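Just below is one structure, and these are the notes that go with it.
Please treat every number below as a calculation from the coordinates, not as lab data. Since we're looking at a predicted model, the values are computed, not measured. Please note: Cβ atoms are built from the backbone with ideal geometry, for glycine as well, and neighbour counts cover all protein chains shown.
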Amino acid sequence: MTDKPAPSSEPTGEVNWSADDQNLLAATLMATPTQRIAWLEEVLQLAYATGALKPRRMMTKEEWDATGSSNR
């Protein structure tokens with residue numbers, strides 16, 4: 001992983017973005033909800049595969065109902 005310099009702020013408040021950063025921002029802002037969900041699923045798969053996230057146990061209906069009733 002290479003160290004990228006952070007966008008530098010000038011006194012006028014403008015931020016200097018590299019072309020790659022601008023392209024990434026544009027692609028992110030133009031993404032559809034379906035694309036965003038796909039990205040999220042990919043990141044979660046990677047996180048589980050690397051051990052960054054541990055699998056959760058499924059809650060029973062009774063446990064789910066109990067959590068909902070305590071929030072009312």
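Remarks
- Among residues of segment 44-72, those that are assigned to a helix (DSSP H, G or I), among the aliphatic types (A, V, I, L, M) and loosely packed, with under 11 Cβ neighbours inside 10 Å, counted: 1
- Close pairs from segment 13-27: first without any contact (Cβ under 8 Å) to a residue 24 or more places away in the chain, partner in a strand (DSSP E or B), Cβ under 6 Å, at least 6 apart: VAL15/SER9; ASN16/SER8
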